[in-house]
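Please treat every number below as a calculation from the coordinates, not as lab data. Owing to the predicted nature of the structure, the values given are computational and were not obtained by experimental measurement. Cβ atoms come from the backbone with ideal geometry, glycine included; neighbour counts cover every protein chain shown.
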Amino acid sequence: MNRIEKLEELDKKIKACNLCPLRKGCHQVVPGAGSASAEIMFIGEAPGKKEDELGVPFVGAAGKFLDEMLGIIKLKREDVYIANTLKCRPPENRDPLPQEKELCWPWLIEQIKCIQPKLIITLGKHSMELFLPNQKISEIHGKALRREIPELGKANLPAGRQVFYTLYHPAAALYNGGMRETLIKDFKRIPKVLEKTTQSS
């Protein structure tokens, strides 16, 4: 079974998940979207209203901004993979609860194992905290950090450590000009970060 087939099979399993109450309150599960062999994987927070309706991550205003930034570094959605810490929309778009993230964690790990991205880009605080706990996004945004994630194993990771790059969530920059500039500046560094990551792997 190749990566595309593995990811399609995983998507089916995720869509059939009923482990937490969120499934009863959302229209559909949103596993993720993009290339099964992507070098870059973006991980956001949770599906919003539009994502819940269409079954695709980042399709609202924040998604349009993400597309705009991908264009700046000459990439398209089809070149990367986009997922969220939660696969179901929380009521009224509230923040994900710790127990909800914990229940969705195994699905996210399986997606990462399947895609084997060289670089994981966390979008926002909730995604960052999942992989880089006890950090402040104001201090580590725009920085590449290596961290060992025991569940990922060491088979496909140099020294068993995954490279993470933290960004502010695109939604936070929609109405904040300063944040928008910071996010675009950090985003423009992604090709160099990926290049260094590839060289060291």
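Placing unit charges on each Cβ (+1 for Lys and Arg, -1 for Asp and Glu) gives the chain a dipole about its Cα centre, and among Gly124, Asn176, Ile137 the Cα reaching farthest toward its positive end belongs to Ile137. Shown for Tyr165, Tyr175: other C-beta atoms within 10 Å of each C-beta, ranked fewest to most, produce the order Tyr175, Tyr165. With neighbour counts taken as other beta-carbon atoms within 10 Å, the residues Ser37, Ser127, Ser138 rank, fewest first, as Ser138, Ser37, Ser127.
Can you check what the net charge comes to around Arg77, using other residues whose Cβ is under 12 Å from the Cβ of Arg77 (Lys, Arg +1; Asp, Glu -1)? Overall, the nearby charge balance is -2. Residues Met1, Met69, Met179, arranged from fewest to most other Cβ atoms within 10 angstrom of their Cβ, appear as Met1, Met179, Met69. Relative contact order of the chain: 22 percent, from C-alpha pairs under 8 Å at least 6 residues apart in sequence.
Put a plus charge on the Cβ of each Lys and Arg, a minus charge on the Cβ of each Asp and Glu, and nothing anywhere else: the dipole of region 95-158 about its Cα centre is then about 360 debye.
So for region 3-200, what are the equivalent ellipsoid semi-axes in whole Å, largest first, each being the square root of 5 times an eigenvalue of the Cα gyration tensor?
Output for region 3-200: semi-axes of 23, 21, 16 Å.
Computed from label points 7 Å out along Cα-Cβ, the spacing between Arg94 and Leu174 is 2.0 nm.
As I understand it, the dipole of the chain uses +1 on the Cβ of Lys and Arg and -1 on the Cβ of Asp and Glu, about the Cα centre. Which of Ala16, Ala33, Ile112 lies farthest toward its positive end? The residue sitting most towards the positive pole is Ile112. With θ taken as phi - 60° and the Karplus curve 6.51 cos²θ - 1.76 cosθ + 1.60 applied, the whole-hertz 3J(HN,Hα) list for region 170-178 is x, 4, 5, 9, 4, 10, 9, x, x Hz, x standing for glycine and proline. When +1 charges are put on Lys and Arg Cβ atoms and -1 charges on Asp and Glu Cβ atoms, the dipole computed for the chain relative to its Cα centre reaches about 340 debye.
Entry note, the chain: the mean residue ellipticity at 222 nm calculated from DSSP H runs of n ≥ 4, each adding -39500 (n - 2.57), is -13000 deg cm²/dmol after division by the residues and rounding to the nearest 500.
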